[in-house]
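Here the structure is laid out as structure tokens; the discussion comes afterwards.
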Amino acid sequence: NPVIFYRTVEQFIGSPDNALLGLNASLNIKKRIQLYGQLMLDEFNLGLFKQDGWWGNKYGIQIGGKYFNAFGIDQLDLMAEYNLVRPYTYSHNKPLDRPLSLSSYTNYNLPLAHPLGANFKEVIGNVKYNGINKLILEGTVALIKTGRNIDTLNYGQDILLNNTTR
């Protein structure tokens, strides 16, 4: 939002909107290595950050790196990435009198940020080789740990659920 402190005014007058704050950074080293990262905050409370079990510290982190022409081999590219999204991130509360006014981070009931929604950690590795004429060899490995909801218990994975049902 380009108007500074406008979100504060919106919340003061009772707006149910949900706002996110993000930071993106990347560093290129000698045209061969790229380091990158993103940080997203959603209803973050720095005073309660050290309380690991507090549900309301909702944030996401991405840290990664790419190595182009790896080990001096032309067209061999490597990538490694770590992603973490805390439970209930991207979800929001909704007024009981307006059940369809959920202001989660979705479009047509699909998560906008990540297909897993929230409450996950993942490590991804990718190798790509494009050194053979018109042939690309690529392999990806992903290790994922999620905290899925069980029956009616809301552990913060489904961002369509009201976060007051935790």
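Quick notes
- Descending semi-axes in whole angstrom, ellipsoid equivalent of the range 120-164, from the Cα gyration tensor: 39, 10, 7
- Of the whole protein surface, ILE144 contributes about 90 Å² of accessible area at a 1.4 Å probe radius.
- Theoretical FRET efficiency, 1/(1+(r/R0)^6), r = Cβ-Cβ of LEU153 and LYS121, R0 25 Å, to 0.05: 0.80
- Surface calculation, 1.4 Å probe, protein heavy atoms: ILE29 sits at approximately 70 Å² accessible.
- The heavy atoms of ARG86 offer some 40 square angstrom of accessible surface to a 1.4 angstrom probe.
The values are calculated or read from the model by the stated rules, or taken from the named source; none is laboratory data. Just so it is clear, the structure is predicted and the values come from calculations on it, not from any experiment. So basically every Cβ, Gly included, is an ideal-geometry build from the backbone, and we count neighbours across all protein chains shown. Calculation scope for accessible area: heavy atoms of the full protein, side chains included, ligands and nucleic acids excluded. Shrake-Rupley method; radii C 1.70, N 1.55, O 1.52, S 1.80 Å.
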